[in-house]
Every structure is written in C-alpha cells, then in structure tokens.
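Visitor: Okay, handing you the structure first.
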Amino acid sequence: MRIGIVGCNGRMGRMLMEAVLSAEGCRLSGGTERAGSDVIGRDLGLLLGRDPVGAVVSADAEALFAASDAVIDFTAPAATLAHAAMAAKLGKVLVVGTTGLAKEDEARLAEAARSAPMVYAPNFSVGVNLLMALTERTAAILDQDYDIEIVEMHHHHKVDAPSGTALGLGRAAARGRQVALDSVWCKSRDGHTGARPKGEIGFATLRGGDVVGDHTVMFAADGERVELTHKASSRAVFAKGAVRAARWAAGRPAGLYSMRDVLGL
Ligand code: NAD
C-alpha cells in the first residue's frame, strides 16, 4: 500500500513517516510541506536521519494524492480541507488527525467523505479509544453506588485542564449512565466542598515533568474500586494508529469513519 504524508516535516509528520517505513506491506509514496518551506527538495529518509529513500519533500499535494493509495494528514484545518477536496476528487483514502476543526470545517470534511473513504479522529491512540469504549461500558454496568473520578497527568507545558481526552472520557462515562456530562461534572475541588453528591463525575488534574499523557477512570464504591488506566509514553502511538486506520479504510466504501469504526468498538 502506497501511503503519502502531507505536512511531513511536522512533529507528527515525522512520526508518521517513521510509522509508514516500519509498517509491513506499506511504502512511503512521498511527503509534502508548505510551499516555501526550506525542506522542499530534501530526501525524506535524510529528513529522518535515515538512509536516503529516493523520494523528496514536495509542495505539490495533488501529485502526492495521485501517487498514493492513502494520504495521512496531521497539519492544520485550512490545509486539511484542501487535502479533503483532493482526496474526494481522486477517490483516495484520507486519514485526518488535525484538531481544531470548526463545526463548518467538519461539515465540509463530511461532504468530501461522500466521495472517498476518510477516517477522522481527535486521538488516534488505539489504547485511548479502547479506554473510551471500556469506560462507557463499565459506566453502563456499574450503578450510581460507584463514584466516577477521572485523574489525568500531563507535562508542565500543557496549558488546558482537564485534558481534552479526560473530558472525552467523562463524556463516555456520562453516555454509559445516560446523562449529560455538564449536568454532573465537577472539574476541580477546593476548600469546604461538602460531601460528594451521588452521580457526580469528578476530575483531578496533575501537571509535571515530561509526562506525555496518563489517564485513569476510577469507579469507587464501598468495598471495592475498579480502575481503568492508559499511559502514553510516545507520540508514536498516534502515528501507528493512523497507519492502522489507513490500512483499514483501503477498499471500503466512501464515508466518514472514526477510530471506533477502525477498531470495531
Ligand atoms: P506541527 O506544527 O509540528 O506540524 C504541522 C505540519 O504541517 C508543519 O510541518 C506544517 O508546515 C505542515 N503544514 C501546514 N500546512 C500545510 C500545507 N498546506 N501543506 C503541507 N504541509 C502543511 O504540529 P503537530 O504537533 O505535528 O500537530 C499537527 C496536528 O495534529 C495538530 O492539529 C495536532 O493537534 C494534531 N494531533 C492529533 C493527534 C491525534 O491523535 N489525532 C495527535 C497529535 C497531534
């Protein structure tokens, strides 16, 4: 399978090229960067500190789509929409990891996906997607005697809290209980808070060091506690998940798929 990477010199772009190069049965068909980037014309292998692979960074995304079976895009919203139009025109698989798409952008992506198979996910880690599904199921099985608390830890550069993934886990737990998260959440506690209300979904945020992302969902009852934990130690997990999505989408009908579809959750 020929897989191309748009935005190939980004933090994720490099991880994605590594993931394609080490995936069995996959060939790196090329990589693009923004016109004017100083890496245009450089060999993709040399860019990664490897041996040359004989393909160079280009600014011609249309040519990359034509030469690929699938393209993986972790760039920026405007670029992703342009790439989605190209994938639609040529009927090629597109895997989108770009975050920050506005509602209208998502609608345009869905429109493009009527002409080609596309997988779009805010988190491509297989483990995190499994954790979401397990959280929803566990919350549906365990009743309100089990207090749900979500604990996350990230590196000291992170600027938002709780993390988007922690909130996603909260939404999954709320779905399992058939309630709206924002009617039961408690995003932080301080001072004299009173006793914990039944049915609350609480969040606790830790920050420090170089932690890539740890998440634990606790179901705590009198007498027992169930804990579901995921720990990411490298961004490579997102790249591996994206390559898995590209392989899964090959040969499928046009449509907008999620990581839950890819993993059969
Ligand atoms: P980055 O800034 O390091 O990389 C983005 C790259 O895209 C840059 O090299 C940039 O030059 C390139 N680019 C922008 N416009 C382009 C265009 N028109 N043509 C070609 N290249 C173009 O950012 P990053 O940390 O790699 O993250 C990229 C995106 O992926 C962000 O939206 C981030 O939130 C998202 N992300 C998603 C997941 C996930 O699992 N879904 C995981 C990590 C990051």
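FYI, it's all coordinate maths here, none of it is from the lab. Because the structure is predicted, anything quoted here is derived from the model rather than measured. For neighbour counting, all protein chains shown are included, and Cβ atoms are generated from backbone atoms with ideal geometry for every residue, glycine included.
Visitor: So for the pair Q178, K89, with labels modelled 7 Å out along Cα→Cβ, what separation do we get in nm?
Guide: Roughly 4.9 nm, to one decimal.
Visitor: Among DSSP beta bridges lying fully in the chain, give the percent that are antiparallel, nearest 5. Please report the intermediate quantities before stating the final value.
Guide: On the way: 17 of 47 bridges.
DSSP beta bridges in the chain are roughly 35 percent antiparallel.
Visitor: Another question, then. Sort the stretch 126-232 into rounded, prolate or oblate with this rule: let a ≥ b ≥ c be the square roots of the eigenvalues of the Cα gyration tensor; rounded if a/c is under 1.5, and if a/c is not under 1.5, prolate when a/b is larger than b/c, oblate otherwise. Could the numbers behind the result be given before it?
Guide: On the way: a/c = 1.74, a/b = 1.25, b/c = 1.39.
Oblate, because a/c is 1.5 or more while a/b does not exceed b/c.
Visitor: If R₀ is 35 angstrom, what is the calculated FRET efficiency for the pair K158 and A63, using the beta carbon separation as r and rounding to 0.05?
Guide: Values: r = 37 Å, r/R0 = 1.07.
E(calc), rounded to 0.05, equals 0.40.
Visitor: Follow-up. So how strong a dipole does the stretch 205-265 carry about its Cα centre when Lys and Arg Cβ are +1 and Asp and Glu Cβ are -1, to the nearest 20 debye? The partial results should precede the final answer.
Guide: On the way: 9 positive and 6 negative charges, 97 e Å.
Roughly 460 debye for the stretch 205-265.
Visitor: Subtracting the Cα-Cα distance from 0.36 nm times the residue separation, let me have the gained length for A79 to E24 in nm, one decimal.
Guide: Values: separation 55, 0.36 × 55 = 19.80 nm, distance 2.86 nm.
Between A79 and E24, full extension yields 16.9 nm more.
Visitor: Determine the sum of side-chain charges near S188: Lys and Arg each +1, Asp and Glu each -1, restricted to other residues whose C-beta is under 14 angstrom from that of S188. Could the numbers behind the result be given before it?
Guide: Values: positive: K187, R189, R196, R207; negative: E149, E152, D160, D190, E200.
Here the count lands on -1.
Visitor: What FRET efficiency comes out for the pair D105/D222, r = Cβ-Cβ distance, R0 = 45 Å, nearest 0.05? Don't jump to the answer; show the numbers that get you there.
Guide: Values: r = 47 Å, r/R0 = 1.04.
Result of the calculation: an efficiency of 0.45.
Visitor: Please report, to two decimal places, log10 I(q)/I(0) for the chain at q = 0.09, 0.10, 0.13, 0.15 Å⁻¹ as given by the Debye formula with identical point scatterers on the Cα atoms and no solvent.
Guide: For the chain, the Cα-only Debye profile gives -0.47, -0.57, -0.87, -1.06.
Visitor: Given +1 on the Cβ of Lys and Arg, -1 on the Cβ of Asp and Glu, and no further charges, what dipole in debye does the chain carry about its Cα centre, rounded to the nearest 20?
Guide: In total the dipole reaches around 460 debye.
Visitor: What FRET efficiency comes out for the pair L206/A250, r = Cβ-Cβ distance, R0 = 35 Å, nearest 0.05?
Guide: With R0 = 35 Å, the Cβ-Cβ based efficiency is 0.30.
Visitor: OK, next. Dipole of the chain (Lys/Arg Cβ +1, Asp/Glu Cβ -1, origin at the Cα centre): which of A102, S183, A59 lies farthest to the positive side?
Guide: A59
Visitor: Moving to a separate point now. Placing +1 on the Cβ of each Lys and Arg and -1 on the Cβ of each Asp and Glu in the chain, which of W248, S258, L16 has its Cα farthest towards the positive end of the resulting dipole?
Guide: Result: W248, furthest along the dipole toward the positive end.
Visitor: Per residue of the stretch 28-34, what does 6.51 cos²θ - 1.76 cosθ + 1.60 with θ = phi - 60° give for ³J(HN,Hα)? Whole Hz please, x for Gly and Pro, Karplus curve as stated.
Guide: After applying 6.51 cos²θ - 1.76 cosθ + 1.60, I find 7, 8, x, x, 10, 9, 4 Hz.
Visitor: Would you calculate, for the chain, the mean residue ellipticity at 222 nm contributed by helices, counting each DSSP H stretch of 4 or more residues as -39,500 (n - 2.57) and dividing by all residues, to the nearest 500?
Guide: Numbers: 10 runs with 98 residues, N = 265.
Rounded to the nearest 500, it is -11000 deg cm²/dmol.
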